Amino acid sequence: MLTNLLPALTATPLLAVGLTLAAYLVGSAVFIRLGKPSWLPAILIAALLLAAILALLGLPYATYQQGATWLTVLLGPATVALGMPLYQQLPRIRELWRPLAACLPIAAAFAACYALGIAWLLGASPDILASIAAKSVTAPIAIGITEQLGGNVALLMGSLLVTGVLTIPFVSLADRLLRIND
């Protein structure tokens, strides 16, 4: 019966959106229940849960992605909305313009180059390099760049997730070692 129902459900974006939202809500609840461990963010729990559900349903990722396309489109306005808190911090940013102007270009260059350099040294194919080239910018911009380079958006999104998850414990450790608490 499920095999007859699945094509009907995937004809509209409702299944993909519903699965995505349900996975996120369950992931958030599990994250809170586990005491908010920094090494296991809610988004990772949700991604793993969603992958398991897709595997159990036998639903190809391409079919899911097609239904979830408009969620990806909403990343653009969500990113723009992040400008409001940034605007609210404008006085503080003005105070720190010199160190920011010195550090941000260096950090951006390192962020853009280290993954590509490592992948290139390990012999990654041009497709993989195109897929991870933009992993250090916001997701909506990275998706557009990856599509223009002919990369794989799913691989990009996976690299964004892995980067974010691995960064948390390293930054936490650096904070402790450097005694940064603010």
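Output the residues belonging to segment 150-182 that are among the small types (Gly, Ala, Ser) and over 9 Å from the mean Cα position of the chain (by Cα). Quick ask: steps written out before the conclusion?
If we filter segment 150-182 for residues that are among the small types (Gly, Ala, Ser), which is where we start, we get 150-151, 154, 158-159, 164, 172, 174.
Selection gives 150, 151, 154, 172, 174.
Of 18, 67, 123, which residue is touching a Pro at 6+ places or on another chain (Cβ under 6 Å) and modelled with pLDDT of 85 or more?
67
Would a scan of segment 70-78 turn up a residue that is exposed (fewer than 14 other Cβ atoms within 10 Å of the Cβ), of a type in the set (Phe, Trp, Tyr) and at pLDDT 85 or above?
no
For the list (1) outside the structural domain of residue 26 (by TED's automatic domain parsing); (2) within 19 Å of the chain's Cα centre (by Cα); (3) within 19 Å of residue 151 (Cβ to Cβ), I need the number of the one condition that residue 77 fails.
(3)
Would you check if there is a residue in segment 129-152 being assigned to a helix (DSSP H, G or I) and either in the same structural domain as residue 50 (by TED's automatic domain parsing) or aromatic (Phe, Trp, Tyr) (or both)?
Keep residues of segment 129-152 that are assigned to a helix (DSSP H, G or I), which gives 129-132, 139-149.
Still in the running and either in the same structural domain as residue 50 (by TED's automatic domain parsing) or aromatic (Phe, Trp, Tyr) (or both): none.
Within segment 129-152 (the criterion being assigned to a helix (DSSP H, G or I) and either in the same structural domain as residue 50 (by TED's automatic domain parsing) or aromatic (Phe, Trp, Tyr) (or both)), the answer is no, since none of the residues qualifies.
Please pick out the residue among 29, 51, 55, 47 that is at pLDDT 95 or above, of a type in the set (Gly, Ala, Ser) and either farther than 21 Å from residue 153 by Cα or assigned to a helix (DSSP H, G or I) (or both).
On the way: 51 fails: at pLDDT 95 or above; 55 fails: at pLDDT 95 or above; 47 fails: at pLDDT 95 or above.
Result of the check over 29, 51, 55, 47: 29.
Being surrounded by 12 or more Cβ atoms within 10 Å (Cβ to Cβ), touching a helix residue (DSSP H, G or I) at 6+ places or on another chain (Cβ under 9 Å) and touching a residue at least 12 places away in the same chain (Cβ under 8 Å), is that true of even one residue in segment 92-101?
no
The values are calculated or read from the model by the stated rules, or taken from the named source; none is laboratory data. All figures in this text were calculated on a predicted structure; none of them were measured in a lab. Positions of Cβ are generated from backbone atoms using ideal geometry, with glycine treated the same way; all protein chains shown enter the neighbour counts.
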